[in-house]
Amino acid sequence: METVTLTHTAALARLGHALSDPTRARVLLALREAPACPSDLADALGVSRQVMSNQLACLRGCGLVTAVPEGRRTWYRLADEQLAPALGGLLGLALAVDPSCCADDCTCA
């Protein structure tokens with residue numbers, strides 16, 4: 001079995017942080033399909049361009065997406081090719097969710 005390091009733990013914590021926000025999760029799932037520009041992502045997800053800019057900055061900071069300038073546009077894509085199948089695997093999980101938990105205020109802590 002592979003030794004788990006602090007780097008592994010930090011990477012999972014960053015992924016968890018990214019997925020904890022529904023808009024960021026939707027951005028990651030959209031980028032799983034294809035690279036996209038912020039304005040296109042904002043339109044597709046129904047959020048303002050400012051919200052999209054903030055979410056993309058967070059995802060960049062977490063190391064999950066990269067920005068590639070191309071002329072007057074910037075394309076965003078997943079930072080690692082392994083992230084797309086990992087997200088697909090997470091989508092395939094069957095979770096038994098307690099509807100009373102985390103409905104308004106998280107009680108898990």
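With the contact rule set at Cα under 8 Å and sequence spacing of 6 or more, what percent relative contact order holds for the chain?
Taking the mean separation of contacting Cα pairs over the length of the chain, I get 22 percent.
Specify which labelled value, from [x] 46, 37, 23; [y] 78, 24, 14; [z] 84, 17, 14, agrees with Cα extents along the principal axes in Å derived from the coordinates of the model shown.
Comparing each candidate, only [x] matches the computed number.
Around Ala67, under 9 Å between beta carbons, what's the net of Lys plus Arg minus Asp minus Glu among the other residues?
Here the count lands on +2.
On a 1.4 Å probe surface of the protein chains, which of Ser48, Ser39, Ser20 comes out largest in accessible area, and what is the full order?
Ranked from most to least accessible, the order is Ser20, Ser48, Ser39.
How high is the FRET efficiency from Ala11 to Glu33, r the C-beta distance, R0 22 Å, rounded to 0.05?
0.45
Between Asp40 and Ala94, what is the spin-label point distance in nm, taking each point 7 Å from the Cα along the Cα→C-beta axis?
3.6 nm
Can you work out the Karplus-derived ³J(HN,Hα) for every residue in the stretch 76-90? Use 6.51 cos²θ - 1.76 cosθ + 1.60 with θ = phi - 60°, whole Hz, and x for glycine or proline.
These are the phi-based 3J(HN,Hα) values: 10, 8, 5, 6, 9, 4, 6, 5, 4, x, 5, 5, x, x, 5 Hz.
Roughly what angle does helix 49-61 make with the longest principal axis of the chain, taking Cα atoms, 0 to 90 degrees, to the nearest 10?
With rounding to tens, the tilt is 60 degrees.
Measure nothing but the geometry: give the 0 to 90° angle between the long axis through the Cα atoms of 22-33 and the longest principal axis through the Cα atoms of the chain, rounded to 10°.
For helix 22-33, the angle is close to 60 degrees.
If you take every residue apart from Ala84 with its C-beta less than 15 Å away from the C-beta of Ala84, what net charge results, scoring Lys and Arg +1 and Asp and Glu -1?
So the surrounding residues net to 0.
Which net charge results when you count Lys and Arg as +1 and Asp and Glu as -1 among the other residues whose beta-carbon is under 13 Å from that of Glu33?
Net charge in that neighbourhood comes out at +2.
Working out 0.36 nm times the residue gap between Glu2 and Trp75, then minus their Cα-Cα distance, what length gain in nm do you get to one decimal?
Length gained between Glu2 and Trp75: 22.8 nm.
The values are calculated or read from the model by the stated rules, or taken from the named source; none is laboratory data. Computed from a prediction, not measured in an experiment: that's the story for all the values here. Note that we place each Cβ from the backbone using ideal geometry, even for glycine, and neighbour counts take in every protein chain shown. SASA here: full protein model, heavy atoms, side chains in, ligands and nucleic acids out. Shrake-Rupley method; radii C 1.70, N 1.55, O 1.52, S 1.80 Å.
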